[in-house]
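Undergrad: What follows is a structure written as structure tokens; I'll ask about it next.
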Amino acid sequence: MAERLTKTGARNVFYGGSVFFFTIFVGLTAHSHYYMKTVSTDEKTLTESVVRGKKVWERNSCINCHTLLGEGAYFAPELGNVWKRWGGDQDPEGARDMLKAWMAAQPSGIEGRRQMPQFNLTDQEVHDLADFLEWASKIKTQNWPPNDAG
Amino acid sequence: MKYQTQKVAMLYFYGAIGLFLAQILFGVLAATIYVLPNTFSVVLPFNIVRMVHTNALVVWLLMGFMGSTYYLLPEEAETELFSPKLAILQFWMFLIAAAVAVVGYLFHIHEGREFLEQPFIIKVGIVVVALMFLFNITLTVLKGRKTTVTNILLFGLWGLAVFFLFAFYNPANLALDKMYWWYVIHLWVEGVWELILASILAFLMIKLNGVDREVVEKWLYVIIGLALFSGILGTGHHYYWIGAPGYWQWIGSLFSTLEIAPFFSMVAFSFVMTKKAGRKHPNQAALLWSLACSVMAFFGAGIWGFLNTLAPVNYYTHGTQLTAAHGHLAFFGAYVMINLAMMAYAVPELLNRMPTHQTLSKAACWIMCIAMSVMTLSLTFAGIKQVELQRIAGESFMDTQDQLALFYWIRFGTGFFVLVAALMFIGSLFLPKRRAAVVAQVVAQPAG
């Protein structure tokens with residue numbers, strides 16, 4: 001440790017530097033907040049059913065098996081792009097039907113295969129969840145994930 | 001132990017150890033589900049098992065931090081705690097809140113954001129507990145001697161409480177939700193928790209090596225300076241792919257690469273301080289845990305963090321088993337080990353006995369570190385293969401997972417060894433004294 005650096009000096013550098021970097025961070029957060037509301041997501045399509053769908057997502061703790069935009073558990077597939085993977089961008093009604101059939105068929109009970117629980121969602125909840133996943137799939141993510149596999 | 005009120009720390013250590021075991025048991029169960037996926041699939045699905053695993057971890061680490069604080073504060077401030085009664089009440093409130101939350105999880109009562117699953121009322125309880133804690137320790141410091149160790153520890157603990165408040169903000173816009181979620185998660189573990197880690201480590205260096213406080217304090221400011229200067233803007237490495245602007249790829253890559261620096265400096269610090277040791281403390285097991293903590297934190301948080309962190313690399317590795325590898329070793333090295341090091345040092349002092357089972361404790365340290373390293377390596381190889389098959393070749397998630405079974409079996413095995421090592425560690429703290437040790441204690445009282 002350099003002898004020139006006194007304890008008081010080190011302390012002042014620490015406090016000053018922390019305030020400096022935190023200020024920049026808050027500033028960039030503010031800009032990112034604005035960017036997310038105006039550029040990378042579409043707030044106009046953030047409807048009540050999308051909000052309800054997010055609640056369905058949270059109430060059933062989907063994040064503790066799946067990932068969403070790469071965050072979550074790594075036990076089950078990425079769902080940020082599942083809407084696209086299931087062809088929802090071409091055929092939204094088809095994707096909705098698939099989701100409904102999928103949720104109804106769980107758990108598969110197949111031996112040696114990871115099991116998804118039966119969440120007993122109502123038709124309305126499945127509908128809202130589809131809206132949420134569709135909305136999430138349209139977030140501009142700097143082109144992540146690299147491919148449809150997620 | 002020099003001050004009577006330090007005793008409350010013991011309660012926190014008991015609670016922490018209990019939850020530590022719960023965390024490992026649910027970890028082993030989750031690892032079992034990875035290899036035998038039909039295990040409990042209806043009564044106890046994976047999402048609930050993982051929720052208990054991660055929440056038990058966070059709560060016991062917090063409990064350990066609190067116990068460590070209550071232990072070291074009177075010695076640093078040279079005064080009794082402001083209110084030991086409040087500390088005891090706070091412990092029971094915290095434990096009950098944690099227990100209610102965990103039992104609730106088993107019945108699927110939870111919120112839905114990762115790691116912040118505690119129901120609203122429990123979150124409020126956590127804030128109340130945190131305020132009681134901060135009130136108690138702040139008044140203790142104000143009436144006593146102010147040292148750099150306590151300054152930084154309090155800075156870290158206040159920061160911990162402040163950033164937790166972001167847990168109450170859950171915007172409907174998913175991108176915003178994710179951005180502010182990291183204000184809790186990242187600014188905890190790659191921010192203020194590092195201050196707590198560094199100050200506890202510094203306390204242990206002063207006690208175990210008897211080094212000059214002036215020297216330790218200067219190091220301490222440099223370490224935490226490096227931690228915050230790199231860690232705050234390092235948050236950017238979580239903002240690459242969640243709908244945030246592209247500039248985070250530059251900022252996040254640069255600053256999170258620098259996050260290695262504080263961890264490297266902690267290794268240098270602990271080893272230089274041990275080399276300079278003015279005396280040989282009888283508790284060499286606690287010293288081993290402290291040194292191993294800095295090394296494992298350097299590998300887990302430093303090196304394995306760096307492996308994932310550059311934006312062009314992270315584009316392929318984000319959300320794969322590589323993330324899991326880094327997460328496991330980082331939490332273990334930095335935060336599990338500092339708590340175990342503190343317990344290895346403080347529990348014998350609190351129970352007023354010589355550290356009798358040091359060989360057992362040292363063996364536990366080696367087994368746990370090796371098991372966690374092998375676990376990390378197996379997940380790393382799983383992650384590399386996952387990137388190759390899924391992210392590059394485009395095979396589906398489940399097809400890819402089917403080809404990773406070998407790595408998950410290895411991880412399962414290592415989890416079992418971690419459990420054994422944890423039991424050995426607990427044994428080293430609480431097994432009855434051996435005869436020879438009792439005699440030794442009468443002859444030579446331990447140096448405080």
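Taken together, the values in this text are just the output of simple stated rules run on the coordinates, not laboratory data. Remember, predicted model here, so these are calculated numbers, not experimental data. So basically every Cβ, Gly included, is an ideal-geometry build from the backbone, and we count neighbours across all protein chains shown.
Undergrad: Condition first: part of a helix (DSSP H, G or I) and more than 17 Å from B:ALA172 (Cα to Cα). Now tell me which residues in the stretch A:103-126 satisfy that.
TA: A:MET103, A:ALA104, A:ALA105, A:ASP123, A:GLN124, A:VAL126
Undergrad: Out of the residues in the stretch A:118-140 that are charged (D, E, K, R) and surrounded by fewer than 20 Cβ atoms within 10 Å (Cβ to Cβ), which is farthest from the other protein chains (Cβ to nearest Cβ)?
TA: Checking each candidate, the answer is A:ASP123.
Undergrad: Okay, next question. Looking at the stretch A:21-45, which of its residues are farther than 20 Å from B:TYR239 by Cβ and surrounded by 11 or more Cβ atoms within 10 Å (Cβ to Cβ)?
TA: If the condition is that a residue be farther than 20 Å from B:TYR239 by Cβ and surrounded by 11 or more Cβ atoms within 10 Å (Cβ to Cβ), then A:THR45 is the only one that fits.
Undergrad: Among the residues of the stretch A:48-89, count how many are outside any helix (DSSP H, G or I), without any contact (Cβ under 8 Å) to a residue 40 or more places away in the chain, more than 7 Å from every other protein chain (Cβ to nearest Cβ) and over 16 Å from B:ASP177 (Cβ atoms).
TA: The total comes to 2.
Undergrad: Okay, next question. Could you tell me how many of the residues in the stretch B:231-264 are facing chain A (nearest Cβ under 9 Å) and either among the polar types (S, T, N, Q) or not in a helix (DSSP H, G or I) (or both)?
TA: Qualifying residue count for the region: 10.
Per-residue answers, yes or no, for (1) in contact with a strand residue (DSSP E or B) (Cβ under 6 Å, 6 or more places away or on another chain); (2) under 27 Å from B:TYR240 (Cα atoms):
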{"site": "B:SER256", "(1), (2)": "no, yes"}
{"site": "B:GLU259", "(1), (2)": "no, yes"}
{"site": "B:GLY278", "(1), (2)": "no, no"}
{"site": "B:PRO282", "(1), (2)": "no, no"}
{"site": "B:ALA285", "(1), (2)": "no, no"}
{"site": "B:VAL295", "(1), (2)": "no, no"}
{"site": "B:PHE298", "(1), (2)": "no, yes"}
{"site": "B:GLY319", "(1), (2)": "yes, yes"}
{"site": "B:GLY333", "(1), (2)": "no, yes"}
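Undergrad: Can you name the helices (runs of 4 or more DSSP H) wholly within the stretch B:60-172 that have at least 1 residues being basic (Lys, Arg) and within 23 Å of the chain's Cα centre (by Cα)?
TA: Because the criterion is at least 1 residues that are basic (Lys, Arg) and within 23 Å of the chain's Cα centre (by Cα), the helices (runs of 4 or more DSSP H) in the stretch B:60-172 that meet it are B:120-143.
Undergrad: Across the stretch B:220-230, what is the number of residues that are of a type in the set (Ser, Thr, Tyr) and within 7 Å of chain A (Cβ to nearest Cβ)?
TA: Count: 1.
Undergrad: With the condition being at negative phi, more than 14 Å from chain A (Cβ to nearest Cβ) and surrounded by fewer than 24 Cβ atoms within 10 Å (Cβ to Cβ), I'd like the helices (runs of 4 or more DSSP H) fully within the stretch B:315-386 carrying at least 2 qualifying residues.
TA: Of the helices (runs of 4 or more DSSP H) lying wholly inside the stretch B:315-386, those with at least 2 residues that are at negative phi, more than 14 Å from chain A (Cβ to nearest Cβ) and surrounded by fewer than 24 Cβ atoms within 10 Å (Cβ to Cβ) span B:337-350, B:358-386.
Undergrad: While we're here: Could you tell me whether A:SER18 is surrounded by 15 or more Cβ atoms within 10 Å (Cβ to Cβ), without any contact (Cβ under 8 Å) to a residue 40 or more places away in the chain, farther than 30 Å from B:LEU153 by Cα and within 7 Å of chain B (Cβ to nearest Cβ)?
TA: Answer is no for this residue.
Undergrad: For the stretch B:302-313, how many residues are out of contact with any His (no Cβ under 8 Å at 6 or more places or on another chain) and part of a helix (DSSP H, G or I)?
TA: Of the residues in that region, 5 qualify.
Undergrad: A further question on this structure: Given the condition under 23 Å from A:THR67 (Cβ atoms) and either under 18 Å from the mean Cα position of the chain (by Cα) or buried (at least 24 other Cβ atoms within 10 Å of the Cβ) (or both), answer yes or no: does some residue in the stretch B:250-271 qualify?
TA: yes
Undergrad: From the list B:LEU404, B:LEU419, pick out the single residue that is over 23 Å from the mean Cα position of the chain (by Cα), more than 9 Å from chain A (Cβ to nearest Cβ) and in contact (Cβ under 8 Å) with a residue 24 or more places away in the chain.
TA: It is B:LEU404.
Undergrad: Got a number for residues in the stretch A:90-117 being under 18 Å from A:ALA130 (Cβ atoms) and either within 9 Å of another protein chain (Cβ to nearest Cβ) or basic (Lys, Arg) (or both)?
TA: 3
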